[in-house]
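Reading through the structure tokens given below for one structure.
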Amino acid sequence: MARPDSRPSRRPKGTVRLPAAPPGPSAPLPTEFLTGPRVFAQRLAPTDPVVWRYLGVVVLSAVLSGVAYAALVRPSVTLAAEVAGGASPLLVHVTNAIGGAFLAMFTFLLMWLLGWLGAGRPGRAAEVYGASFALLPPLYLLVTVVALSTSQQAWLPDAGALAQAGTDSQAVQRLALAGLARTPAAFLLLAVTMLGTAAQCALSFPAFRELTGRPGRALLGALLPLLPALAVGFIALAPLLFQR
């Protein structure tokens, strides 16, 4: 009895391979959000939703936010260590930077959640607000440069006040913060934190309107996060604001 042929059959010569599927549309760069939120949303709409798509921009902005705050209050920490001793200045600088970065990340999460509640799933709040953080890194770099270039004469407390504070490191630090609160760097950081957050929410409105097709939902997506995000920014700058 003949054994069946176990060799694989060859593909007929006339068979035509199907062409590979074309790649899907590419997502816009986060910087495109700044030049045209509506066009950004038009390019984002046909792509698959990816909540972490612009997370790198958010992390970069958060890190630079913490660095800017630490650079601004650095002289007060250093002066307190020199005059009254206490905790290691380096440790305090790192703590200030991490604290500032944490609050910036918390702000993003707050904007994402409240934006999602306002604009709904079609608004893609995580991506819209994530891309909006592209506005902040150059501004935080500017704050850092201004803070590091601020002269000692612009914030140094009066010698009599320092003598009265003695070895109380907290009192020395409060005196230095009161002087730093009046510097251009402090004003610039306050402006970037408050006005930058307001600009993020304002720029998100046309993007939400394009994605949802509903102006009312777009307005909710832009307004619901505004006051809570501003409150977080106020809390972050409270050590400076309350020294004025």
### Message
So, R0 is 51 Å and r is the distance between the beta-carbons of residue 26 and residue 161; what FRET efficiency does that work out to, to 0.05?
### Response
0.30
### Task
Rounded to whole Hz and in sequence order, give me ³J(HN,Hα) for segment 145-153 from the Karplus expression 6.51 cos²θ - 1.76 cosθ + 1.60, θ = phi - 60°, writing x for Gly and Pro.
5, 5, 5, 5, 9, 6, 6, 5, 5
### Query
Given the Cα-Cα distance of residue 231 and residue 106 and 0.36 nm per residue of separation, how much length would full extension add, in nm?
43.8 nm
### Message
So, for the chain, what is the accessible surface per residue at a probe of 1.4 Å, expressed in square angstrom?
### Response
56
### Query
Which peptide among 152-160, 231-239 comes first, and what is the full order, when sorted by highest mean count of other Cβ atoms within 10 Å?
231-239, 152-160
## Note on the structure
Between residue 142 and residue 168, Cβ-based FRET efficiency (R0 30 Å, step 0.05) works out to 0.30
### Message
Given a 1.4 angstrom probe, I'd like the percentage of the accessible area of the chain that is carbon and sulfur, rounded to a whole number.
### Response
67
### Query
Assigning unit charges at the beta carbon (Lys, Arg +1; Asp, Glu -1) and nothing else, what dipole magnitude in debye, to the nearest 20, does the chain show about its Cα centre?
1600
### Query
If you count, for each residue, the other Cβ atoms within 10 Å and average over each peptide, how do 168-179, 91-102 line up from highest to lowest?
168-179, 91-102
### Message
Looking at the chain as a GNM with Cα springs under 10 Å, which of 187, 108, 205 has the largest mean-square fluctuation?
### Response
187
### Task
Return the label of the correct value of volume of the Cα convex hull per residue in Å³, as calculated from the structure shown, out of (i) 135; (ii) 213; (iii) 146.
(ii)
### Message
Using the Cα centre of the chain as origin and beta-carbon charges of +1 (Lys, Arg) and -1 (Asp, Glu), tell me which of 59, 115, 98 is placed farthest towards the positive end of the dipole.
### Response
115
### Query
How far, in nm, would the chain grow between residue 195 and residue 39 when pulled straight, counting 0.36 nm per residue and subtracting the alpha carbon separation?
53.9 nm
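The values are calculated or read from the model by the stated rules, or taken from the named source; none is laboratory data. Quantities reported herein were computed from a predicted structural model and do not represent experimental measurements. Cβ sites come from the backbone with ideal geometry, for glycine too, and all protein chains shown count toward neighbours. For accessibility, only protein heavy atoms count, side chains too; no ligands or nucleic acids. Shrake-Rupley method; radii C 1.70, N 1.55, O 1.52, S 1.80 Å.
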